[in-house]
Amino acid sequence: MSVITLQPAPMKLTQHAKSMVAHAMFHRGKQFIRGAILLDREEDAYQYVVLHLFCQGLEIILKGLLLLRNYSLYEPKLKNIGHNLIRAAEKVRLEFKSKPLRKDIIDQLIKLNNLYSKHLLRYGSPLDIFIDAKQIPTNLVFKKAIQLIILGNRILRKNN
């Protein structure tokens, strides 16, 4: 029996296609955050899953904003950003010439990033036994995420 492996050829995207990919990225991030909010409303919501969905949504929104701003510049850099929320947030801050985040927001983001970037929110671990995920503060980062969604929505309206 022979195995056939298909390898897609490198694609050269048009500007319109790049814009569509950036839109999809941003909207997908919003949906992850929406999923986190909906799950969090459930009585038996497992908070580690809520936090993972929230962080994944935040990561994708941040990357989507970079792509919306300059796809050709940032698409090759996304792999280097990885799942690091701090690195992604700083790139967005610099690209949009925003003020540095307040220390209390950075502290929350660091705590979330330490868990998210190491996949500790995704998989079961001793962390589940020793730390109640409901005690992990997210309120300030959540407010920033809402501001990023508003920013992205403005960019999309402007581009349409």
Which of the residues spanning the range 87-112 are under 14 Å from Leu51 (Cα atoms) and free of Cβ contacts under 8 Å to residues at least 40 places away in the same chain? Gln108, Leu109, Ile110, Lys111
Yes or no: the range 15-31 includes at least one residue that is free of Cβ contacts under 8 Å to residues at least 40 places away in the same chain, more than 15 Å from Ile149 (Cβ to Cβ) and assigned to a loop (DSSP other than H, G, I, E, B). no
Read through the list (1) over 19 Å from the mean Cα position of the chain (by Cα); (2) under 30 Å from Gln135 (Cα atoms); (3) not basic (Lys, Arg), then give the number of the only condition that Phe32 fails. (1)
In the range 32-75, residue nearest to Arg93 (Cα to Cα) [restricted to those that are touching a residue at least 24 places away in the same chain (Cβ under 8 Å) and acidic (Asp, Glu)]: Glu59
Could you tell me which of the residues Tyr116, Tyr74, Tyr48 is within 28 Å of Asn159 (Cβ to Cβ) and among the hydroxyl-bearing types (Ser, Thr, Tyr)? Tyr74
Hits in the range 107-129 (condition: surrounded by fewer than 16 Cβ atoms within 10 Å (Cβ to Cβ) and more than 18 Å from Ala45 (Cα to Cα)): Asp107, Ile110, Lys111, Asn114, Lys118, His119, Pro126
Somewhere in the range 131-141, is a residue charged (D, E, K, R), modelled with pLDDT of 95 or more and either assigned to a helix (DSSP H, G or I) or under 18 Å from the mean Cα position of the chain (by Cα) (or both)? no
Scan the range 62-81 and give yes if some residue there is out of contact with any strand residue (DSSP E or B) (no Cβ under 8 Å at 6 or more places or on another chain), closer than 15 Å to Leu112 by Cβ and surrounded by 15 or more Cβ atoms within 10 Å (Cβ to Cβ), otherwise no. yes
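The values are calculated or read from the model by the stated rules, or taken from the named source; none is laboratory data. All of these numbers come straight from a predicted model, not from anything done at the bench. Cβ: placed from backbone, ideal geometry, glycine included. Neighbour counts: every protein chain shown.
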